[in-house]
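Below is one structure, written out as structure tokens; comments come after it.
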């Protein structure tokens, strides 16, 4: 069993990387790269060499290519000497030598309008993957920070306290993050900074902010709270102290609050982050859909071919056939008639009315498949021998359905529960887009239309990882519920 | 022991009647005739067939006559032509560019139907061929099940969006993306069905008698699979229409030059309160077309299952 789970996990990781790799190669090689500037307001104001250099810098930042300007080329080839100075003069013999050196290494040459040479080298697909995965995992350690301006930086791990709630926290000096392990009331309650993921920065929207921060950080106005800082200063502030990172040059405001260099902190916000928004919405919808779907499915199976069953089947058929988008808009207009807003941001996070319609629609969309399968499984069980035996024993129909049939029919449904819970994080693409809910589901189409490659990759990786592990978890849960099921040995044969 | 009075006078000669023997023999069974009899016994299915047929015919013929293109906007500067409510001249009214919505809707329906029909055909042909092979050969199964485990876990919508994003928008790339992501689901579905009947007694008997694998597939298994394939097709057509509408709504499916129901729904959703017909007509058409095709397909799938033919 343990061996099976281990191979399953390994296979899951493998398929995750396979999918992400394919998508990286597709995005970087198949989409014309000039398109990333379509939504960049800044570039429209630039001309000539400034523009060319900006373009190359952006390409390099986004991982398309590597480029070297005159200074870098000369420094690399001649070192810091007389030849270096000669090399900086355009058309000099030394400069030609430097350019030839790079052209022989497979670089291409572009001469700027000013006459300065610039060499660049497009990454091939293997280098692209290497760059992406090389950057992806960031392990924090006490030797992570190498700051020449602060040679006396202490390097140690120690136990401290989470300033927000007084629980113990595992802390570090010399690491990138001060709080390595801490607890708070936010999901998933235990937080760590040993391993962080770096997907690069968002571009062209939310420029300069890491993509993971864009989807994880709260939204809306900043939220102040009374805090005590390490220096003893008591102040109203929005900073989240547990998120503090090393800052090379703390300013005097930072020095008032912090007695060390860990002053680069995130701020708390009034509204939940994109991930939490999708999650809150999804979980409530999930509870509703299971809460109603399971009784409905049971009742349909109990009254097979009666009015109730036919009504249920009509509902299932309509939802399967009608494009979800049409159904969502139809429900939304019913909601408007009842006084609900047709877009989430109209009333915002604080008003409960913003949440009702998206949640109801999500629940209604989830229910048909649940009802259909539960009904199917239960009807399949009705003619089983054990049911006939139970009937022969004289049990009431109600008892048979509740205690015998349901217990067997619910097993395949249990298999789907982890997927449903975990996939709530990924949100509901269509519903969130229709209601303009600021969540994860809406983020992906937005990122795609804005050509935000790093964001597309981040979301792809998150969504794929979630769905792969949800399937795995569902299988494991099924074994727990029904000990007869064995995943290792093949049945039948 | 009683005396039996049997003599020739009790009997009369009858001429041989060929027609009578037809009645005495087991009733003639024709598969396709039974399918049609079963299908046309459902009034809802007949009604939906007429609806679907009408929509398909109009969406093929009407755009040929109107020659509608979203890029051709002759009335763009004529404000008296814009936002005309549905009337006898403009059955569906006119849109924000002064074009007839009637033309636009049918051109859009043609795109949606074309995409979903082509994608359904490709997906099901590849799916059935691969699924047959997959279900029959244990060696292929060992490899394919691993491929399936990798591919099945990937969210289809996501990959579809990324593919269209990477290849660039357009009808061909949308069809490609839909097929790439969905063939393996159909193949897996067929594989399971093939495995169920592969080792049934009658197939084992056939094999013992020396029937070739190809003949077993063609004569024993394919007929059995017709209803299964029909079920798969009747699910795919509305699903692909739904995908097309959804992807175009998000703006990652088709380019601006192609009329499509999804793009119309996206473009006109801000007009929901001011000129609601602009928005509701494309939504209604997409819903009607999906429901009618789905019900026709489902009834046909039921009717093509020989087990339902015994009355």
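Overview of values
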{"quantity": "Selection count where residues are touching a helix residue (DSSP H, G or I) at 6+ places or on another chain (Cβ under 8 Å), away from every other protein chain (no Cβ under 11 Å) and loosely packed, with under 14 Cβ neighbours inside 10 Å, scope the range A:2-41", "calculated": "1"}
{"quantity": "Subset of the range A:447-461 [assigned to a helix (DSSP H, G or I) and buried (at least 20 other Cβ atoms within 10 Å of the Cβ)]", "calculated": "A:447, A:448, A:453, A:454, A:455, A:456, A:457, A:458, A:459, A:460, A:461"}
{"quantity": "Qualifying residue in the range A:189-197 (condition: within 30 Å of residue A:25 (Cβ to Cβ) and surrounded by 15 or more Cβ atoms within 10 Å (Cβ to Cβ))", "calculated": "yes"}
{"quantity": "So residue B:36, is it part of a helix (DSSP H, G or I) and touching a residue at least 60 places away in the same chain (Cβ under 8 Å)", "calculated": "yes"}
{"quantity": "Filtered residue count, the range A:67-80, keeping only those that are part of a helix (DSSP H, G or I), in contact (Cβ under 8 Å) with a residue 24 or more places away in the chain and within 41 Å of the chain's Cα centre (by Cα)", "calculated": "2"}
{"quantity": "Filtered residues of the range B:253-276 (kept if at the interface with another protein chain (Cβ under 8 Å from one of its Cβ atoms), within 24 Å of the chain's Cα centre (by Cα) and farther than 18 Å from residue B:118 by Cα)", "calculated": "B:265"}
{"quantity": "Residues of the range B:163-218 satisfying the condition of being part of a helix (DSSP H, G or I), touching a residue at least 40 places away in the same chain (Cβ under 8 Å) and more than 22 Å from the chain's Cα centre (by Cα)", "calculated": "B:164, B:165, B:195, B:198, B:213, B:217"}
{"quantity": "Looking only at the range A:134-149, and only at residues there that are in contact (Cβ under 8 Å) with a residue 40 or more places away in the chain and surrounded by fewer than 15 Cβ atoms within 10 Å (Cβ to Cβ), the one that is farthest from the chain's Cα centre (by Cα)", "calculated": "A:149"}
{"quantity": "Members of the range B:185-199 that are touching a helix residue (DSSP H, G or I) at 6+ places or on another chain (Cβ under 7 Å) and either under 23 Å from residue A:450 (Cα atoms) or within 13 Å of chain A (Cβ to nearest Cβ) (or both)", "calculated": "B:195, B:198"}
{"quantity": "Some residue of the range B:229-246 being over 21 Å from the mean Cα position of the chain (by Cα), touching a residue at least 12 places away in the same chain (Cβ under 8 Å), crowded, with 24+ Cβ neighbours inside 10 Å and more than 9 Å from every other protein chain (Cβ to nearest Cβ)", "calculated": "no"}
{"quantity": "Members of the range A:81-95 that are exposed (fewer than 13 other Cβ atoms within 10 Å of the Cβ) and in a helix (DSSP H, G or I)", "calculated": "A:82, A:93"}
{"quantity": "Residue among A:281, A:300 that is more than 30 Å from the chain's Cα centre (by Cα), assigned to a helix (DSSP H, G or I) and surrounded by 20 or more Cβ atoms within 10 Å (Cβ to Cβ)", "calculated": "A:300"}
{"quantity": "Failed item in (1) facing chain A (nearest Cβ under 9 Å); (2) at pLDDT 80 or above, with residue B:297 passing the rest", "calculated": "(1)"}
{"quantity": "Some residue of the range A:288-301 being without any contact (Cβ under 8 Å) to a residue 12 or more places away in the chain and either within 30 Å of residue A:436 (Cβ to Cβ) or within 14 Å of another protein chain (Cβ to nearest Cβ) (or both)", "calculated": "yes"}
{"quantity": "Test: residue in the range B:208-216 that is closer than 26 Å to residue B:34 by Cα and more than 14 Å from chain A (Cβ to nearest Cβ)", "calculated": "yes"}
{"quantity": "Qualifying residues in the range A:214-234 (those that are in a strand (DSSP E or B) and without any contact (Cβ under 8 Å) to a residue 40 or more places away in the chain) - the one farthest from residue A:204 (Cα to Cα)", "calculated": "A:234"}
{"quantity": "Exclusive hit being assigned by TED's automatic domain parsing to the domain that holds residue A:414 and without any contact (Cβ under 8 Å) to a residue 12 or more places away in the chain, set A:337, A:374", "calculated": "A:337"}
{"quantity": "Any hit, the range A:434-443, residues being facing chain B (nearest Cβ under 9 Å) and crowded, with 24+ Cβ neighbours inside 10 Å", "calculated": "yes"}
{"quantity": "Subset of the range A:328-356 that is over 28 Å from residue B:244 (Cα atoms) and assigned to a loop (DSSP other than H, G, I, E, B) - its residue that is farthest from the other protein chains (Cβ to nearest Cβ)", "calculated": "A:350"}
{"quantity": "Cβ-Cβ under 8 Å pairs, at least 6 apart or on other chains, the range A:81-95 side free of Cβ contacts under 8 Å to residues at least 24 places away in the same chain, far side part of a loop (DSSP other than H, G, I, E, B)", "calculated": "A:86/A:92"}
{"quantity": "Test: residue A:325 is touching a helix residue (DSSP H, G or I) at 6+ places or on another chain (Cβ under 6 Å), within 26 Å of residue B:239 (Cα to Cα), within 14 Å of another protein chain (Cβ to nearest Cβ) and assigned to a helix (DSSP H, G or I)", "calculated": "yes"}
{"quantity": "Pairs where the first residue, in the range A:164-189, is at positive phi and the second is part of a strand (DSSP E or B) and surrounded by fewer than 20 Cβ atoms within 10 Å (Cβ to Cβ), C-beta under 8 Å, 6+ apart", "calculated": "A:174/A:156; A:189/A:183"}
{"quantity": "Residue match in the range A:56-63 (condition: assigned to a loop (DSSP other than H, G, I, E, B) and either within 29 Å of residue A:131 (Cα to Cα) or under 28 Å from the mean Cα position of the chain (by Cα) (or both))", "calculated": "yes"}
{"quantity": "Residues of the range B:129-162 that turn out to be more than 8 Å from every other protein chain (Cβ to nearest Cβ) and assigned to a loop (DSSP other than H, G, I, E, B), as a count", "calculated": "1"}
{"quantity": "Test: residue in the range A:413-432 that is at pLDDT 85 or above, in a helix (DSSP H, G or I), touching a helix residue (DSSP H, G or I) at 6+ places or on another chain (Cβ under 9 Å) and crowded, with 19+ Cβ neighbours inside 10 Å", "calculated": "yes"}
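Every residue, every condition in (1) within 17 Å of residue B:82 (Cβ to Cβ); (2) touching a helix residue (DSSP H, G or I) at 6+ places or on another chain (Cβ under 8 Å), yes or no:
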{"site": "B:269", "(1), (2)": "no, yes"}
{"site": "B:277", "(1), (2)": "yes, yes"}
{"site": "B:280", "(1), (2)": "no, no"}
{"site": "B:285", "(1), (2)": "no, yes"}
{"site": "B:289", "(1), (2)": "no, yes"}
{"site": "B:293", "(1), (2)": "no, yes"}
{"site": "B:298", "(1), (2)": "no, yes"}
{"site": "B:302", "(1), (2)": "no, yes"}
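For (1) under 29 Å from residue A:58 (Cβ atoms); (2) in contact (Cβ under 8 Å) with a residue 12 or more places away in the chain, each residue gets a yes or a no:
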{"residue": "A:386", "(1), (2)": "no, yes"}
{"residue": "A:394", "(1), (2)": "no, no"}
{"residue": "A:397", "(1), (2)": "no, yes"}
{"residue": "A:406", "(1), (2)": "no, yes"}
{"residue": "A:414", "(1), (2)": "no, yes"}
{"residue": "A:424", "(1), (2)": "no, yes"}
{"residue": "A:428", "(1), (2)": "no, yes"}
{"residue": "A:435", "(1), (2)": "no, yes"}
{"residue": "A:449", "(1), (2)": "yes, no"}
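The values are calculated or read from the model by the stated rules, or taken from the named source; none is laboratory data. Everything numeric here is computed off the predicted structure, so don't read it as measured data. Here the Cβ is made from the backbone with ideal geometry for all residues, glycine too, and neighbour counts use every protein chain on show.
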